[in-house]
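We did not get these values from a lab; they are worked out from the coordinates using the rules stated. For clarity, every value in this text was computed on a predicted model and none was experimentally measured. In this analysis, Cβ positions are derived from the backbone assuming ideal geometry, glycine residues included, and neighbour counts consider all displayed protein chains.
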Amino acid sequence: MNPTDLQKTIERHFAAGADAAADPAAMESFLELRSALESGEVRAAEPDAALPTGWRVNAWVKQGILLGFRLGTLEQRAAGALSFVDKHTFPARMLSADDGIRLVIGGSAVRAGAYLARGVVCAPPMYINTGAYVDEGTMVDSHALVGSCAQIGKRVHLSAAAQIGGVLEPVNASPVVIEDDVLVGGNCGVYEGTIVRKGAVLAAGTILTRGTPVFDLVKGDVLRSLADKPLIIPEGAVVVPGARSVNKGKGQEWGLSLYAAVIVKYRDDKTDLSTTLEDLLR
Ligand SMILES: CC(C)(COP(=O)(O)OP(=O)(O)OC[C@H]1O[C@@H](n2cnc3c(N)ncnc32)[C@H](O)[C@@H]1OP(=O)(O)O)[C@@H](O)C(=O)NCCC(=O)NCCS
C-alpha cells in the first residue's frame, strides 16, 4: 500500500473506535504501518521546507500507533531469566548484525515501530520508543530516552540521561525534533514538540518545554512557543541552563528566581573543541 492509501486506511480504523478490535483489516494496516515506520519509509514528522517550522507532522502516524495499542492484548515474553508483559503489537525489535546498528548489551530496548539507521550506536541502558526515527551515525548514550515519535537527525549525540519526550504521554500533538549534528548534553530534557535546529548545543542540564522562555544574549531576543508554533532553538545556538529573577508579587519580595534557558553564544571553534567526540567509539 502506498503511504497515502495507508494513511486513509489508518484514519478509518482509528475513527472506528472500539469496533476496530473486531476487524482483522485493522490489524493488517497497523502491522503495515509498523513495518513502514521500521524501514523509515513513513515518519511521524518529516522535513518540509515549505512550512514555517520546516517540519510536517503526520498526525495519522500517531493515530496508527494508538490503534496498535487498542488492538494489542497483553502477552508475556521471556528474555533469559527475565519476563515482560506488554501489548503484543509492540514487542522489542530484533536486530541482526546486517542492520549495521550497535546495540550494546545491558538493559536497552528498541520497541517495534522505531526506525534506526545504519551506524546508530546505543549504549546501555537506553530506550527507544515506538514511532521514533534515529538517523545515521547518532549515539544514544546510557540512560537516554528517545520518546515515542521523536525525530533525531544524523550524527546527533544524545548524552547520558538525556530525555527526549514523546507524543503519547502526556498527549502532545507534535513530536520533538532534534536536527543533524546537535549535541544534547547529559541530563537534558527536550519535551513538547520542541525543535532543535542543526548544529545546536544544549549544555548539560538544559530543559526545554513549551513553557520555557529562551533568552538569546547574542541577538537580544526572547524565544517562546506560541499556540500554533513550538519552541524552536536556532541553528548553531549554544544553550545553557540559567535563571531569571521574578519581578512581581511575593516572588520579588522573596528574592526568587525561575529556571530559564540562555543562548550564550553561537557555535564557534571552541564549541567544536568542547563537543568533539571519540570516533573510535562509533
Ligand atoms: C555547552 C558546552 C559544550 C560548552 O560550550 P563552549 O562553546 O565551549 O562554551 P564556552 O566555554 O565558550 O562558554 C560560553 C559561555 O557560556 C558559559 N557556559 C558554558 N557552559 C555552561 C554550562 N554548562 N552552564 C552554564 N554556563 C555555561 C560560560 O561560562 C561562558 O560564559 P562567560 O563568557 O560569561 O564566562 C559545555 O558546557 C557542555 O555542556 N558540554 C556538554 C557536556 C556533556 O553533557 N557531556 C556529555 C558526555 S556523556
When DSSP assigns beta bridges and you keep just the ones with both residues in the chain, what percent turn out antiparallel, to the nearest 5? 40 percent
Once each part is reduced to its C-alpha centroid, what is the distance from the stretch 212-267 to the stretch 169-188 in angstrom? 17 Å
What are the ³J(HN,Hα) couplings of the stretch 16-23, residue after residue, when phi is run through the Karplus curve with 6.51, -1.76, 1.60 and θ = phi - 60°? Round to Hz, x for glycine and proline. 6, x, 4, 4, 4, 4, 8, 10
The stretch 1-69-the stretch 123-148 distance, computed between alpha-carbon centres (Å): 21 Å
How big is D, in µm² s⁻¹, for the stretch 139-240 by Stokes-Einstein at 25 °C and 0.890 mPa s if Rh is the Kirkwood radius over C-alpha pairs? 186 µm²/s
Paramagnetic reach from Ala92 in the stretch 27-55 [backbone N under 20 Å; point 7 Å along Cα→Cβ]: 35, 38-39
Grab the DSSP H runs of the chain that are 4 residues or longer, score each as -39,500 (n - 2.57), total them, divide by all residues and round the 222 nm result to the nearest 500 deg cm²/dmol. -5500 deg cm²/dmol
Under a 10 Å cutoff between Cα atoms, tell me which one of Arg70, Arg244, Arg56 has the largest fluctuation in the Gaussian network model of the chain. Arg244
Selected from Asp99, Asp216, Asp181 as most flexible by GNM, with the chain as the system and alpha-carbon contacts under 10 Å: Asp99
Just how many % of Cα pairs in the stretch 4-163 lie over 19 Å apart, if you round to the nearest whole percent? 56 percent
Rg/Rh (Cα only; Kirkwood hydrodynamic radius) as it applies to the chain: 1.00
For the chain, what is the relative contact order in percent, using Cα pairs closer than 8 Å and at least 6 residues apart in sequence? 10 percent
Rounded to the nearest angstrom and ordered from largest down, what semi-axes does the equivalent ellipsoid of the stretch 181-271 get from its C-alpha gyration tensor (root of 5λ)? 23, 15, 12
